[in-house]
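Novice: One structure, pasted below without further comment.
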Amino acid sequence: MSDMNVGSVSGVYSAISTSTPVVSDSAASAAQTPAANTADVAAVDIRNVRLDENGRYIETINSGLNNCLTLEANTDQTGRGFIQDAVMSMFDEGVVALVPVDTSLDPKSTNAYDILTMRTGKIKEWMPKHVRIEIYNENIGRRQEIVLPKKMVGSKENGRNCRESILLHYERAKFYSSEITP
């Protein structure tokens with residue numbers, strides 16, 4: 001993390017230049033389902049909320065995390081853009097890292113901090129208590145690898161990779177249509 005502030009991993013990942021998915025003509029048909037699902041997911045309101053003991057909504061929490069999810073995740077992305085980026089990365093890679101970039105306190109020294117900005121990253125290596133992530137650093141204008149404690153990084157895994165998922169849905173659709181056809 002030579003060019004980055006260790007206390008608040010500063011400015012990591014750009015959706016505009018390096019992360020915007022570019023779908024080639026040959027991949028267009030395979031990417032249509034994930035792209036549609038990405039738009040569907042991004043249309044869902046994802047908020048930081050407080051729930052009661054039965055899991056029912058009490059209130060939306062006014063926090064940096066809620067701001068990241070609803071308004072602006074980082075310099076380059078709105079909240080919806082961040083969610084779309086996370087979902088598309090999950091489809092492409094099978095897993096995505098959700099990384100707090102700027103925080104109110106150093107996450108390495110406390111568990112009580114607010115997330116001020118976030119970015120998605122590509123998980124390169126899992127270690128026992130850490131994860132190596134490739135992420136865009138806007139301070140230097142390029143992607144770089146960083147190592148963070150697992151407790152600092154949210155990760156979401158697609159149950160199977162995108163192609164397997166699309167093929168499975170296609171095979172299920174064929175199966176169900178053949179069962180319905182007399």
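The values are calculated or read from the model by the stated rules, or taken from the named source; none is laboratory data. From a predicted model like this one, the values you see are computed outputs, not experimental measurements. Ideal geometry is used to build each Cβ from the backbone, glycine not excepted, and the neighbour counts take in all protein chains shown. Accessible surface areas use protein heavy atoms only, side chains included; no ligands, DNA or RNA. Shrake-Rupley method; radii C 1.70, N 1.55, O 1.52, S 1.80 Å.
Novice: Please give the per residue accessible area of segment 69-121, computed with a probe of 1.4 Å over protein heavy atoms only, in Å².
Specialist: 41 Å²
Novice: For residue 51 and residue 125 in one chain, what is 0.36 nm times their gap in residues minus the Cα-Cα distance, to one decimal in nm? Let's see the in-between values first.
Specialist: Details: separation 74, 0.36 × 74 = 26.64 nm, distance 3.43 nm.
Length difference between fully extended and current span is 23.2 nm.
Novice: Check which residues have an amide H placed less than 5 Å from residue 95's amide H, if you skip close sequence neighbours.
Specialist: Result for residue 95 returns 158.
Novice: Below 12 angstrom from the Cβ of residue 75, what's the summed charge of the other residues (Lys, Arg +1; Asp, Glu -1)?
Specialist: Working: positive: 119; negative: 72, 76, 102, 138.
Once positives and negatives cancel, what remains is -3.
Novice: I would also like to ask the following. Net charge near residue 62, counting Lys/Arg +1 and Asp/Glu -1 over other residues with Cβ under 11 Å of its Cβ?
Specialist: Numbers: positive: 47, 50; negative: 59, 114.
Every neighbour counted, the sum reads 0.
Novice: Below 15 angstrom from the Cβ of residue 129, what's the summed charge of the other residues (Lys, Arg +1; Asp, Glu -1)? Show your work: numbers first, answer last.
Specialist: Working: positive: 108, 132, 150, 151; negative: 125.
It works out to a net charge of +3.
Novice: Stretched out fully, how many nm does the piece from residue 43 to residue 72 gain, at 0.36 nm a residue minus the Cα gap? Display every interim value, and only then the final one.
Specialist: Numbers: separation 29, 0.36 × 29 = 10.44 nm, distance 1.51 nm.
The residue 43-residue 72 span can extend by a further 8.9 nm.
Novice: Here is a further query. Once fully extended, how much extra length lies between residue 150 and residue 110, figured as 0.36 nm per residue of separation less the alpha-carbon to alpha-carbon distance?
Specialist: Working: separation 40, 0.36 × 40 = 14.40 nm, distance 1.38 nm.
Extending this stretch completely gives an extra 13.0 nm.
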